[in-house]
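The values are calculated or read from the model by the stated rules, or taken from the named source; none is laboratory data. As the structure is a prediction and not an experimental result, all values here were calculated from the model. Neighbour counts are summed over all protein chains in view; Cβ atoms, including those assigned to glycine, are modelled from backbone coordinates with ideal geometry.
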Amino acid sequence: MKLSKFLFPSPRGANANILVRLVVGGVFLNEGVLKFLDPAVNAAGRFAAIGIPAPEFFGPFVATVETLGGLLVIFGLASRLAALALFIDISVAIFSTKIPILLGRGYLGFSLMKVKNYGLLSMVHEARTDLAMWFGLLFLILAGPGRWSLDALRKGAGSAQ
């Protein structure tokens, strides 16, 4: 697949793809803005507590990826590239915060957050939003932004079907 076709795909998929874009993009936009508004709680401070290396760098970096990526997904502009960046973001979040809950201990330098129970069911409970975002992003990567997107409008087919 050519890079230009990946970044700006031909419009395909249902018009309802916009619903996935709005939900997934909205969640990431919100989380990114929160990281900028209160970095001690939501970004660098939290990253340091989790065990993310260089939290003063990665806090603002992740906030930027989530804010810009969320906006791009919402508007359907370079949506596959934005979804891929956010897919990596949420995969790291699951790996660093939810896998320790599954194991019931910290691992690879990532700390275990305090929850009532540990193991598979507790991890799935704690990861429910993360997993919904992960699958929503996977859908957007595979299906594209749909016909109601700036990618489709850019291709001249924003009003098709």
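For this structure, a couple of remarks:
- Selected residue (criterion: surrounded by the fewest Cβ atoms within 10 Å (Cβ to Cβ)) from residues of the stretch 44-58 that are under 22 Å from Tyr107 (Cβ atoms) and of a type outside the set (A, V, I, L, M, F, W, C): Pro53
- Looking across the stretch 42-66, the residues that are among the β-branched types (Val, Ile, Thr) and at pLDDT 95 or above come down to Val62, Thr64, Val65.
- Count - residues of the stretch 95-107 that are in contact (Cβ under 8 Å) with a residue 40 or more places away in the chain and either surrounded by fewer than 18 Cβ atoms within 10 Å (Cβ to Cβ) or farther than 18 Å from Asp130 by Cβ (or both): 1
- Verdict on Leu102 being part of a loop (DSSP other than H, G, I, E, B), within 24 Å of Pro53 (Cα to Cα) and in contact with a Gly (Cβ under 8 Å, 6 or more places away or on another chain): no
- Qualifying residue in the stretch 34-41 (condition: surrounded by fewer than 16 Cβ atoms within 10 Å (Cβ to Cβ), at pLDDT 90 or above and in contact with a helix residue (DSSP H, G or I) (Cβ under 6 Å, 6 or more places away or on another chain)): yes
- Given (1) under 22 Å from Ala49 (Cβ atoms); (2) surrounded by 13 or more Cβ atoms within 10 Å (Cβ to Cβ); (3) in contact (Cβ under 8 Å) with a residue 60 or more places away in the chain; (4) hydroxyl-bearing (Ser, Thr, Tyr), index of the condition Ser79 fails: (1)
- The criterion of at least 3 residues that are in contact with a Phe, Trp or Tyr (Cβ under 9 Å, 6 or more places away or on another chain) is met by the following helices (runs of 4 or more DSSP H) wholly inside the stretch 7-90: 17-37, 44-50, 55-75.
- Listed conditions (1) part of a helix (DSSP H, G or I); (2) without any contact (Cβ under 8 Å) to a residue 40 or more places away in the chain; (3) among the polar types (S, T, N, Q) are all met by Asn117, apart from (1).
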